[in-house]
Amino acid sequence: MTMKNRLLPALLLFVATTMPLIAGGYEVGDSATDFSLKNVDGRNVAMADYPDAKGFIIIFTCNHCPYSVAYEDRIIALDNKYKPKGFPVIAINPNDPAVQPQDSFEKMKTRAKEKDFTFPYLFDEGQIVYPKYGATRTPHVFILEKNDEEYLVRYIGAIDNNYGDADAADERYVEHAVDALLRGDQPETTFTKAIGCTIKKQ
């Protein structure tokens with residue numbers, strides 16, 4: 001094997017492991033900045049609007065993606081379970097509707113009403129917020145823990161390990177992470193690969 005061939009696997013591994021850093025976006029342990037985005041009810045929503053929250057389950061999701069649709073009921077269930085405990089869901093649609101018309105703000109309002117969303121469903125107009133987080137898929141989860149005035153990233157990744165069948169999922173990453181934070185512990189699993197559709201941008 002030539003020196004070039006020996007170096008190529010190492011170079012590819014280096015690129016793969018450093019891509020999130022090069023591309024930007026939060027890593028576990030980082031402090032996330034707040035945002036103010038338009039909700040389907042027409043009002044802007046920010047994390048600062050929740051003074052009593054212990055943290056947030058931020059989920060980048062959308063209307064059209066079959067993975068996002070498959071998780072909608074589970075996202076509602078997460079909000080119903082954890083909002084009373086101080087970890088509400090905030091959903092954000094990161095897609096450019098010029099590229100994917102099904103993800104327009106008007107259709108977001110329709111979908112939220114059809115599914116009776118219990119959480120804010122925000123539109124990332126101009127695609128300003130999702131690059132800061134480093135979201136790449138829908139759905140893509142970021143669990144934040146509020147610490148004084150900071151929002152610390154404690155988990156990034158998937159909701160669970162079976163998008164097609166909620167009952168068959170035997171690794172419920174988001175639930176395990178939030179349960180750990182509620183106990184005063186840090187999650188054992190802090191990063192998983194988000195499975196879903198790529199974010200649509202021009």
Exception for LYS113 within (1) within 23 Å of VAL178 (Cβ to Cβ); (2) of a type in the set (D, E, K, R); (3) outside any strand (DSSP E or B) falls at (1)
The residue from PHE142, PHE123, PHE117 that alone is more than 14 Å from the chain's Cα centre (by Cα), at pLDDT 95 or above and closer than 23 Å to ALA48 by Cα is PHE117
Looking across region 175-191 at residues that are more than 15 Å from ILE156 (Cβ to Cβ) and part of a helix (DSSP H, G or I), the single one that is nearest to the chain's Cα centre (by Cα) is GLU175
By residue number, the members of region 55-87 that are buried (at least 22 other Cβ atoms within 10 Å of the Cβ) and part of a loop (DSSP other than H, G, I, E, B) are THR61, CYS62, ASN63, CYS65, PHE87
- Task: Report whether or not ALA46 is modelled with pLDDT under 95 and more than 15 Å from the chain's Cα centre (by Cα).
- Result: no
Picked from region 162-191 (must be in contact (Cβ under 8 Å) with a residue 24 or more places away in the chain and farther than 20 Å from GLY86 by Cβ), the residue surrounded by the fewest Cβ atoms within 10 Å (Cβ to Cβ) is GLY164
With the first residue restricted to region 36-56 and required to be without any contact (Cβ under 8 Å) to a residue 12 or more places away in the chain, and the second required to be in a loop (DSSP other than H, G, I, E, B), Cβ contacts under 7 Å at 6 or more apart or on different chains are SER36/ALA46; ASN44/SER36
If you go through GLN102, GLN127, the only one that is outside any helix (DSSP H, G or I) and farther than 19 Å from ILE57 by Cα is GLN127
For the structure I just gave you, tell me whether ARG183 is closer than 24 Å to ASN39 by Cβ and of a type outside the set (Phe, Trp, Tyr).
no
Restricting region 132-170 to residues that are in a strand (DSSP E or B) and among the acidic types (Asp, Glu), the one farthest from ALA91 (Cα to Cα) turns out to be GLU150
Residues of region 116-162 being touching a Phe, Trp or Tyr at 6+ places or on another chain (Cβ under 8 Å), farther than 25 Å from ARG43 by Cβ and not aliphatic (A, V, I, L, M), in sequence order, are GLY134, ARG137, GLU145, TYR155, GLY157, ASP160, ASN161
With the first residue restricted to region 107-133 and required to be over 23 Å from PRO84 (Cβ atoms), and the second required to be among the polar types (S, T, N, Q) and surrounded by 22 or more Cβ atoms within 10 Å (Cβ to Cβ), Cβ contacts under 6 Å at 6 or more apart or on different chains are LYS107/ASN63; MET108/ASN93; ARG111/ASN63; PHE123/ASN93
Q. Quick check, is ALA53 in contact with a Lys or Arg (Cβ under 8 Å, 6 or more places away or on another chain), closer than 15 Å to VAL178 by Cα and either at pLDDT below 95 or not polar (S, T, N, Q) (or both)?
A. yes
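The values are calculated or read from the model by the stated rules, or taken from the named source; none is laboratory data. Bear in mind the structure is a predicted one, so any value in this text is a computation, not a measurement. Using ideal geometry, Cβ is built from the backbone for each residue, glycine included, and neighbour counts are taken over all protein chains shown.
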